[in-house]
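A.B. asks: The structure under discussion is supplied below as structure tokens; questions concerning it will follow.
The values are calculated or read from the model by the stated rules, or taken from the named source; none is laboratory data. Computed from a predicted structure; not experimentally measured. For neighbour counting, all protein chains shown are included, and Cβ atoms are generated from backbone atoms with ideal geometry for every residue, glycine included. The area values use the complete protein model at the heavy-atom level, side chains included, leaving out ligands, DNA and RNA. Shrake-Rupley method; radii C 1.70, N 1.55, O 1.52, S 1.80 Å.
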Amino acid sequence: MATCEPGGGFIKTGKKSVVRIHFLDNEFKTIAIDDTTSAADVCQMVADKIGVAESIHFALFESITHKSGRREDRCLDGSEFPARVMSQWAAGSSTTKWVFKRKIFLESKMVSKDPMTNHLLYIQAVDNIINGTYPCDLDTAIKLAAVQMQVNFGDHKRQTHQVGFLLPRLVEYLPPYHLAQDNTRLCQSILEQHALLTSEDPTMAESASWKALYLQEAQQIPVYGCRFFLAKQTQFKKLPANVLIGVNAQGLHILRADNKARVVCWSFRDLQRWGTKPGISVFFQTKSRSYAAEGPIYEFSTNEAHRIQELLNIYVMAMLEEISPMLCGPPTAETHQIELRFDRHDHDCAVKIQAVVRGYLLRTLLDRAERTLAAMFIQSIWRGHSTRKHITIVKTRRA
């Protein structure tokens with residue numbers, strides 16, 4: 001006998017659950033899972049079903065829409081079991097669903113050669129722009145809206161694409177904080193920009209090319225690719241009390257919680273260490289300009305301290321995997337983790353020890369990478385100086 005939970009997006013049939021996995025363009029796929037199916041298994045099943053060639057940086061998110069309209073997305077660890085998570089959902093709930101989307105954004109993977117991967121990146125970028133996750137100025141928002149119109153409707157048609165056509169759809173093209181202005185004028189600006197775009201150029205004849213252009217424009221936003229976490233702090237007067245902590249490939253971003261204005265950004269090179277403290281706090285220590293002193297430590301109160309720490313570690317490990325062949329040959333097991341085996345009652349101690357060891361290994365490899373890049377920079381300057389000196393000597397002799 002099958003039982004249906006239409007709001008929650010799954011049907012329970014015996015030990016199996018037929019689950020809807022949603023995408024950010026309102027499409028979805030259905031798959032069958034049981035209590036032993038992990039989130040990593042679900043991601044691989046979805047990737048195979050839609051034909052994603054590069055699925056390593058995608059993940060399954062539990063998306064919860066609150067009564068206020070605010071959406072909260074929680075990224076599942078690959079070892080979690082979605083069927084067990086669903087057992088905690090309220091029966092008939094229409095506010096919780098599974099979403100398949102990108103988890104981390106590396107600079108080398110911003111645009112993919114795989115069309116399906118690019119499509120998923122595009123719809124995720126559109127979603128983050130129009131719901132206000134990525135704050136952008138009005139000019140950028142209008143330019144992105146025009147490219148989005150080109151993707152959806154093709155070349156500008158003067159008789160069809162008028163203010164009356166776009167006005168009812170404007171919420172699908174601009175973030176809410178820009179809609180408080182003169183919407184008619186906003187529509188006119190978008191249509192003017194759309195009229196400048198044309199598919200007559202052979203390189204831009206397909207919608208995939210316009211999606212790539214949208215991604216290139218969106219990636220100019222400093223917080224592109226960030227996942228944000230709400231936090232509080234009372235330590236520094238220069239920082240607001242309520243902040244958003246954002247993490248992407250550029251590093252760590254601190255934004256105002258009310259208007260998402262960026263207050264400060266630290267690259268991974270600026271961060272000496274990070275971690276969590278007992279309770280609900282996360283801390284970051286930045287590097288000092290003087291080797292004789294330690295940099296300041298910033299501490300924030302948040303319910304998602306461990307997720308911030310985990311995401312920072314994921315980004316560092318992913319970047320190290322990219323540069324480690326250049327620095328020290330293929331990655332080794334020691335570079336990634338140290339396996340420590342303890343009895344169950346020693347598990348908590350093992351976790352802390354492993355965290356310290358992994359942090360030491362990461363900092364060691366990052367320092368080695370920084371020294372190598374610094375040496376390459378010095379060598380390039382010296383080679384340039386030597387070449388210019390040699391040319392000067394040759395010119396002098398010829399004169």
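A.B. asks: If I filter segment 47-60 for residues that are within 30 Å of P176 (Cα to Cα) and either open to solvent by 20 Å² or more (accessible area, probe 1.4 Å) or touching a residue at least 60 places away in the same chain (Cβ under 8 Å) (or both), do I get at least one hit?
C.D. replies: Checked against the condition, which is being within 30 Å of P176 (Cα to Cα) and either open to solvent by 20 Å² or more (accessible area, probe 1.4 Å) or touching a residue at least 60 places away in the same chain (Cβ under 8 Å) (or both), segment 47-60 yields at least one hit.
A.B. asks: Just checking, which of L244, L239, L271, L255 is within 26 Å of T364 (Cβ to Cβ) and either among the aliphatic types (A, V, I, L, M) or buried (at least 16 other Cβ atoms within 10 Å of the Cβ) (or both)?
C.D. replies: Within the list L244, L239, L271, L255, the selection yields L271.
A.B. asks: Suppose we filter segment 217-251 for residues that are of a type outside the set (D, E, K, R) and under 15 Å from L311 (Cβ atoms); how many remain?
C.D. replies: Matching residues across segment 217-251 total 15.
A.B. asks: Answer with yes or no whether A261 is in contact with a helix residue (DSSP H, G or I) (Cβ under 6 Å, 6 or more places away or on another chain), at pLDDT 90 or above and open to solvent by 10 Å² or more (accessible area, probe 1.4 Å).
C.D. replies: Here the answer is no, as A261 does not meet what is asked.
A.B. asks: Quick one: which residue in E310, E299, E206 is open to solvent by 60 Å² or more (accessible area, probe 1.4 Å), at pLDDT below 90 and of a type outside the set (F, W, Y)?
C.D. replies: Result: E206 is the single residue among E310, E299, E206 that is open to solvent by 60 Å² or more (accessible area, probe 1.4 Å), at pLDDT below 90 and of a type outside the set (F, W, Y).
A.B. asks: Looking at A141, A218, A195, A146, which is the one that is within 16 Å of K260 (Cβ to Cβ) and either over 18 Å from the mean Cα position of the chain (by Cα) or surrounded by fewer than 17 Cβ atoms within 10 Å (Cβ to Cβ) (or both)?
C.D. replies: A141
A.B. asks: So, one more: So is P168 over 28 Å from L106 (Cβ atoms) and in contact with a strand residue (DSSP E or B) (Cβ under 8 Å, 6 or more places away or on another chain) or not?
C.D. replies: Criteria not met by P168.
A.B. asks: Go through segment 155-167 and count every residue that is among the β-branched types (V, I, T) and either open to solvent by 80 Å² or more (accessible area, probe 1.4 Å) or more than 25 Å from P202 (Cβ to Cβ) (or both).
C.D. replies: Final tally of qualifying residues: 1.
Okay, residues lined up against (1) outside any loop (DSSP other than H, G, I, E, B); (2) open to solvent by less than 70 Å² (accessible area, probe 1.4 Å); (3) out of contact with any Lys or Arg (no Cβ under 8 Å at 6 or more places or on another chain); (4) at pLDDT below 75:
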site: T276; (1), (2), (3), (4): yes, yes, yes, no
site: F283; (1), (2), (3), (4): yes, yes, no, no
site: A318; (1), (2), (3), (4): yes, yes, yes, no
site: D348; (1), (2), (3), (4): yes, no, yes, yes
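A.B. asks: Just to check your reading of the model, which residue among T184, T140, T133 is touching a residue at least 12 places away in the same chain (Cβ under 8 Å), among the hydroxyl-bearing types (S, T, Y), touching a helix residue (DSSP H, G or I) at 6+ places or on another chain (Cβ under 8 Å) and within 19 Å of F228 (Cα to Cα)?
C.D. replies: Among T184, T140, T133, only T133 is touching a residue at least 12 places away in the same chain (Cβ under 8 Å), among the hydroxyl-bearing types (S, T, Y), touching a helix residue (DSSP H, G or I) at 6+ places or on another chain (Cβ under 8 Å) and within 19 Å of F228 (Cα to Cα).
A.B. asks: Regarding segment 120-129, can at least one residue be identified that is open to solvent by 40 Å² or more (accessible area, probe 1.4 Å), of a type outside the set (D, E, K, R) and either over 15 Å from L174 (Cα atoms) or under 17 Å from the mean Cα position of the chain (by Cα) (or both)?
C.D. replies: No - not one qualifying residue is present in segment 120-129.
A.B. asks: Okay, next question. Consider segment 173-183. How many of its residues are exposed (fewer than 13 other Cβ atoms within 10 Å of the Cβ), touching a Leu at 6+ places or on another chain (Cβ under 9 Å) and part of a helix (DSSP H, G or I)?
C.D. replies: Count: 0.
A.B. asks: Sticking with this one: In this structure, does N152 turn out to be under 19 Å from K211 (Cα atoms), assigned to a helix (DSSP H, G or I) and open to solvent by 60 Å² or more (accessible area, probe 1.4 Å)?
C.D. replies: In short, yes.
A.B. asks: Among the residues of segment 164-173, is there at least one that is touching a residue at least 24 places away in the same chain (Cβ under 8 Å) and under 22 Å from R102 (Cα atoms)?
C.D. replies: yes
A.B. asks: Sticking with this one: L170 versus (1) crowded, with 16+ Cβ neighbours inside 10 Å; (2) modelled with pLDDT under 90; (3) not β-branched (V, I, T): which is the lone unmet condition?
C.D. replies: Every condition holds for L170 apart from (2).
A.B. asks: To continue, here is another question. Kindly provide the set of residues from segment 80-100 that are assigned to a loop (DSSP other than H, G, I, E, B) and modelled with pLDDT of 90 or more, ordered by number.
C.D. replies: E80, F81
A.B. asks: I need the strands (runs of 3 or more DSSP E) fully contained in segment 203-274, keeping only those with at least 1 residues that are on the phi < 0 side of the Ramachandran plot and of a type in the set (D, E, K, R).
C.D. replies: 227-232, 251-256, 262-266
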